[in-house]
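K.L.:
Structure provided below as structure tokens; questions to follow.
The values are calculated or read from the model by the stated rules, or taken from the named source; none is laboratory data. Keep in mind it's a predicted model, so treat the numbers as computed, not measured. In this analysis, Cβ positions are derived from the backbone assuming ideal geometry, glycine residues included, and neighbour counts consider all displayed protein chains. Ligands, DNA and RNA are stripped out before the accessible areas are found, and what is left, the full protein with its side chains, is counted by its heavy atoms. Shrake-Rupley method; radii C 1.70, N 1.55, O 1.52, S 1.80 Å.
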Amino acid sequence: MDNHKNQQNEKFKKWLDILQQESWQLELIISGFAIYGLFMVVDPIRVSILKAQIDDNMYSGFFWYGLFVSWFILTVNLLAHVVLRGLWIGAIGLRYVSGEIDYDALNYNVKFLNHLKKRVGSFDDYVAKLEKYCSVIFSITFLLIFYMLGVLLIIFLMSSLESWVGEPEISNYKAWIGVPAMILLVLGSLLTFIDFISQGWLKRKKWTTFFYYPIYWVFKYLTLSFLYRPMVYNLLDTKFGKRLSFIMVPLYIGISILAGMSFRTSNYLDFGSRSTAEVANVKNYEEFIEDEMDYVNLASIPSKVITDPFLKVFIMYGSAVEDDVFYFYEELKPNEDRRGFESPIKFGSNNDWRSSKKPLKDYLNALQEMYRIKIDSTRFPTELVLTENKKNQKGYETFLDMKDMARGRHLLEVARKTHVKDSVYFRKIVQIPFWYYPE
């Protein structure tokens, strides 16, 4: 029985050795298809990130931003893998033509020859190094994606606990369960991060084992590390793997900084600024919001040039608006804040909404008092209705009578009632310049 098992193991090892030597073909095929697919999905991911930000959807934002970071890691690594693998193929072809490096044929000075022989070495060593870098970069690419999934899962758990515990009228059982769970989650995440960046320091010390082992056991499931631990330990048991692990994070940070750099053309002009009396940002005019990546910023009007005897004004909704409504009008505050995730499955009796909060009409009346809309120095009555624009952004809409307005340039100003501690004031949300030329 043992001989049969040993024979099977030997066959399996030989098969793995053969597969290892031929794996570069699979790597190139996978990298090529993956890079093509990555460039196809980047725009939908960016659109989803923008939509999550606009909707104030924290959980969706975490998901899509994590997906974008994963996209960035995959793209950088796979492009580097394809370039290095191409260089490796070229080096093998050159080796077939000219064999090893003949330093004597170069006829260099002894000092340069000694330096080159020491630093460059043999051509076979160079090919072997390229092979090693290519294989490790390809492997670590998908390992980093699992790291990213683990981080996102921890952030999601922390955010969910914070939302659950942070309700205004927190019950006793939530406090007794949620607060200790949050402390343990933060402490465990911190220790796991320390162990990760130190490459297992907490696992080496005897005095840390008694308190870190239970944390390690729990967090291997919370971070999904039980799926990829063999690859991690196989990478860290060599000096090359340790060095590569140390340089990967600084490398990504450097690439991110370079990717985020832009070229400034003026000391004074900033064409990306929000609309003011001196700036007309295209994101405040509906006629320019046509691309999939374009969304209204705070408020919008139909066009820079208004020809109709009325002006349509769209104001975006944000969760901070509703927080201010509850601050100024406490009677509108519901017994239970229902913002966040909602399941279609309901348990128990489903009470009518009128029994838990004031009617929508009272809420809109509060909004009318909180917003102030002016054109130049003329204030208009605030008559808002709930709506969505063509980009499915939620907000309020009103129409202003322009028949008594003079022809030419005007400035729309939208302000909202807010507070800092006990100080109440109207904060200017946006100013949008436009021109009125009736037909």
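K.L.:
For the range 94-238, which whole percent of the accessible surface, found with a 1.4 angstrom probe, sits on carbon and sulfur atoms?
P.N.:
Roughly 69 percent of what the probe reaches on the range 94-238 is carbon or sulfur.
K.L.:
Need one number: nm distance between label points at GLN368 and LEU26, each 7 Å from Cα along Cα→Cβ, rounded to one decimal.
P.N.:
6.9
K.L.:
Further question on the same structure: How big is the gap, in Å, between the Cα center of the range 91-131 and the Cα center of the range 230-258?
P.N.:
Result: 28 Å between the Cα centres.
K.L.:
Could you pull the accessible area for HIS115 with a 1.4 Å probe, rounded to 10 Å²?
P.N.:
Spelled out: HIS115, probe radius 1.4 Å, area about 100 Å².
K.L.:
For ASN109 paired with MET40, estimate the spin-label separation in nm (one decimal), with each label point 7 Å from Cα along the Cα-to-Cβ line.
P.N.:
Between ASN109 and MET40, the simple spin-label model gives 5.7 nm.
K.L.:
Follow-up. Show LEU190, LEU130 ordered by accessible area, largest first, where the area counts protein heavy atoms only and the probe is 1.4 Å.
P.N.:
Heavy-atom accessible area, descending, gives LEU190, LEU130.
K.L.:
Could I ask something else about it? Sort TYR233, TYR252, TYR96 by heavy-atom solvent-accessible area, probe 1.4 angstrom, most to least.
P.N.:
Descending accessible area places them as TYR96, TYR233, TYR252.
K.L.:
Another question about this same structure. Between ASP422 and ARG407, 0.36 nm times their residue separation minus their Cα-Cα distance comes to what?
P.N.:
So the extension gain works out to 1.2 nm.
K.L.:
Strictly over 29 Å apart at the Cα level, which of LYS283/LYS333; LYS132/LYS205; LYS205/LYS239 would you flag in this model?
P.N.:
Where the Cα-Cα span goes over 29 Å, the pairs concerned are LYS283/LYS333; LYS132/LYS205.
K.L.:
Could you work out the mean projected area of the convex hull around the alpha carbons of the range 42-161, in square nanometres to one decimal?
P.N.:
The directionally averaged projection comes out at 11.0 nm².
K.L.:
Report the full-extension gain for the segment LEU153 to GLU383: residue separation times 0.36 nm, less the Cα-Cα distance, to one decimal in nm.
P.N.:
So the extension gain works out to 78.5 nm.
K.L.:
Moving on to the next point. Fully extended, how many nm does the chain gain between LEU251 and LEU360 (0.36 nm per residue separation, minus their Cα-Cα distance)?
P.N.:
Length difference between fully extended and current span is 34.0 nm.
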